[in-house]
């Protein structure tokens, strides 16, 4: 099915680079290291920072977080809402956030871009509809979504989880964001040498 972008009402949650709690953290070595990471957000770090990251496929962030918590992996890229409770409980240590600005819920945690200029791995969620949906139906969906996201109780809940609601955009602006991100990640995947088995 061909899909057409409905205006982006992004729930942008920066991915968070996290590691085991300080009690189990090891000193940073003076020689190059290979980190085993279960999420693809590291791809840009790999090429931009000149470090070697080995991707480990997982069926979701929960099993990856469990393996970091259990000591099977040293580090993970995870969405902030997925990791925040573990960070606040002191079980995980946030090393950096992948968005272009610091997170309001973790203001002392730097962005990756502070160490790797130009890095931006902001996660976003958008709404899509099948091609051919009438413009008045799209407008009604867009309006209902804006109203829902403007509700104080929902905004408060999302804020507590580290989710930032981006300003609404037009379908054309969202389409451009989507195309730009597809092109960016295609370059990263190509540069990494990754292939589908």
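Quick note: the coordinates plus some simple rules give every number you see, no bench work behind them. These numbers were taken from a predicted model, which means no experiment stands behind them.
The alpha-carbon atoms of region 124-195 define a convex hull whose volume equals 124 cubic angstrom per residue. Normalised by residue count, region 50-197 yields a Cα convex hull volume of 158 Å³ per residue.
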